[in-house]
2 protein chains.
Amino acid sequence: MGADASRRSLAVVLLSGGMDSCVTAAIARRDHDLALLHVGYGQRTEDRERRAFQAIAAHWGVERTLLARLDHLRAIGGSALTDPARDAIDARRPDSAIPDTYVPFRNTHLLAIAVSWAEVLGARRIFIGAVQEDSSGYPDCREEYYEAFNRLLRVGTRPETDLAVETPLIHMSKADIVREGVRLQAPLHLTWSCYTEEEVACGLCESCRLRLKGFALAGVTDPLRYRA
Amino acid sequence: MGADASRRSLAVVLLSGGMDSCVTAAIARRDHDLALLHVGYGQRTEDRERRAFQAIAAHWGVERTLLARLDHLRAIGGSALTDPARDAIDARRPDSAIPDTYVPFRNTHLLAIAVSWAEVLGARRIFIGAVQEDSSGYPDCREEYYEAFNRLLRVGTRPETDLAVETPLIHMSKADIVREGVRLQAPLHLTWSCYTEEEVACGLCESCRLRLKGFALAGVTDPLRYRA
C-alpha cells in the first residue's frame, strides 16, 4: 500500500505493553493505520503493563485506543498470573508441558474483544504478537490455533465483514523479534515484560528470561533495568 | 449416564435468563451436574435478566454459579441492545439480513468465559441455547459457527482438556422449545425474554414476538404478562 494515510486501511493491534506486541504494532503500522487495544485481566503487573501501553501509543501518536477489562478471569482463577497464591517466578512445573502462567483460553478472550471492536471500526486486520517458537508452549500461541480462529471469524461475523487475524511473529525467535524491533525503530525502551515486578524487572521470571535471551542472541543491549 | 449424582460429569450452561437458555439447562441437567454462567454486557434489560438467572439457579438448587461482566461491549457499541441511542423495538432494518440487535461476535465472548471456567472446574461440556432456525439470523447462532468453535476449543486448550460445546436447540423451532421446556418442567415462568422492559414484557420487540409465536404454535399459554 502507498504512503497516503487516507488510503491506508485500519488494523486493530493487541498491545499488552510487552516487547512482542510492540514489535507487532511496528510491523502493522508499515501498512495500516492503528487502533490499539489493551486488556487488563487482573494479572499481577497490570498497572505497569497499562503504563507501557499508554507510553507506546503516545510515542506513535495513536489516538484510537481501547482499554478493556476482563475481571472474570481473576474470578475464574486457574493461573499463576492472576492468582496471588501461586508462584509465577518459577513457572514451569516438571509434571506438565504447559506452564503455570497459562491463563485458560486467554487469547480467545482478547481476540473476541479485538474482533468486536474491529467490526465496529471497520478495521480489516487484527494483529497479535503470538510466538509459537521459543515461547512458553501455550496452546493458544500456535499457528494451528490462529487458523482455527480465522475460520471462526469468517463464519461468526456479518457476511460483509472482511477481517482476518495476522500473527507476523508466529515463527520468529525472540532474537528475531529483537532484531526486527530495532530495524523498525520500535520503542523497546517503553515496553514491559516482567511477570512479577513493576519498577525494576526481576530478570528471573520466565518472561524476563526469554526476553534477556533474545537480546543476548541478537547482540543488542536491553534498554530495561534488571535486578538480577 | 446413571442417576448416581457422584458419577455425573459437570456441564457449564450459559444461562441468560431467557426461555431458550432455561430449556437448554433443563436438557443439560438430565445427564450432568450444572455450573451456571450468566454474562452481563450492558444490555438494556441486564438487571432483569440477572434476576431471572438467579431465580432459575435457585429453582434447581444449583450452587456453582458465575456472574461475569463484559463492560467493554458497551464501550465498543455497535448494537441496539447496548446502545441507548438505538431503537431495539423495531430491530430488523430493511437493508440488512442481520438485525440491529446483533452484538458483534457476542457469543464468542460468552463461550470464551465458559471455556475458561469449564477448564478450571474440570467440566466436560458447555451448553448454549443457540437457535439457528426461527431465530434472528445472527451469524454466531448457526451450526457452522459451533463446529468452528469446537475446532478452536480442541486446538486452543490444554491437550488433556476434554471439552465440547453442545447446542441442543440449534435446529428446534420456538414451538419445539416451548414443548420441550414443558415436557422437562423447565421453570419458564421464571424466564425473561423482553429486550426493552423489566416488569411487564412489551410484547412488541423481536424477542417477545418470537417467544409469543412459539407459545402460540405449541398451544401453551405463556406464563409471563405482556403489555401488548
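The values are calculated or read from the model by the stated rules, or taken from the named source; none is laboratory data. Since the structure is predicted, the reported quantities are computational estimates derived from the model, not experimental observations. Here the Cβ positions follow ideal geometry from the backbone for every residue, glycine too, while neighbour counts run over all protein chains shown.
When B:Ala216, B:Ala228 are checked against the criterion of being modelled with pLDDT under 95, out of contact with any Lys or Arg (no Cβ under 8 Å at 6 or more places or on another chain) and among the aliphatic types (A, V, I, L, M), a single residue qualifies: B:Ala228.
Pairs are defined by a Cβ separation below 9 Å, a sequence spacing of at least 6 or placement on different chains, a first member in region A:143-160 that is among the basic types (Lys, Arg), and a second member that is modelled with pLDDT under 90 and assigned to a helix (DSSP H, G or I); the pairs so defined are A:Arg158/A:Glu119; A:Arg158/B:Pro139.
The set of residues in region A:184-228 being more than 19 Å from the chain's Cα centre (by Cα), of a type in the set (Lys, Arg) and within 20 Å of A:Ile56 (Cβ to Cβ) consists of A:Arg225 alone.
Residue-wise test of (1) hydrophobic (A, V, I, L, M, F, W, C); (2) assigned to a helix (DSSP H, G or I); (3) on the phi > 0 side of the Ramachandran plot.
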{"residue": "A:Gly17", "(1), (2), (3)": "no, no, yes"}
{"residue": "A:Ala26", "(1), (2), (3)": "yes, yes, no"}
{"residue": "A:Asp33", "(1), (2), (3)": "no, no, no"}
{"residue": "A:Arg51", "(1), (2), (3)": "no, yes, no"}
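Go through A:Pro84, A:Pro104, A:Pro139 for me and flag whichever is within 11 Å of another protein chain (Cβ to nearest Cβ), more than 20 Å from B:Leu70 (Cα to Cα) and either touching a helix residue (DSSP H, G or I) at 6+ places or on another chain (Cβ under 8 Å) or modelled with pLDDT under 90 (or both).
Selected residue: A:Pro139, the only one of A:Pro84, A:Pro104, A:Pro139 that is within 11 Å of another protein chain (Cβ to nearest Cβ), more than 20 Å from B:Leu70 (Cα to Cα) and either touching a helix residue (DSSP H, G or I) at 6+ places or on another chain (Cβ under 8 Å) or modelled with pLDDT under 90 (or both).
Reported count of residues in region A:190-204, each being touching a Phe, Trp or Tyr at 6+ places or on another chain (Cβ under 7 Å) and surrounded by 24 or more Cβ atoms within 10 Å (Cβ to Cβ), is 1.
Regarding region A:127-134, can at least one residue be identified that is more than 14 Å from every other protein chain (Cβ to nearest Cβ) and among the aliphatic types (A, V, I, L, M)? Don't jump to the end; show me each part of the working.
So in region A:127-134, the residues more than 14 Å from every other protein chain (Cβ to nearest Cβ) come out as A:127, A:129, A:131, A:133-134.
Filter once more, so that each one left must be among the aliphatic types (A, V, I, L, M): A:131.
Yes, that holds for at least one residue.
Annotation: A:Ile177 fulfils all but one of (1) surrounded by fewer than 24 Cβ atoms within 10 Å (Cβ to Cβ); (2) under 16 Å from the mean Cα position of the chain (by Cα); (3) modelled with pLDDT of 95 or more; the unmet one is (1). When B:Pro223 is tested against (1) touching a Cys at 6+ places or on another chain (Cβ under 8 Å); (2) farther than 29 Å from A:Phe105 by Cβ; (3) not acidic (Asp, Glu), only condition (1) is not met. Looking at this structure, is B:Leu10 in contact with a His (Cβ under 7 Å, 6 or more places away or on another chain) and either closer than 28 Å to B:Ser173 by Cβ or at pLDDT 90 or above (or both)? Yes. Does B:Arg29 meet the test of being of a type in the set (D, E, K, R), modelled with pLDDT of 80 or more and surrounded by fewer than 24 Cβ atoms within 10 Å (Cβ to Cβ)? So B:Arg29 passes the test.
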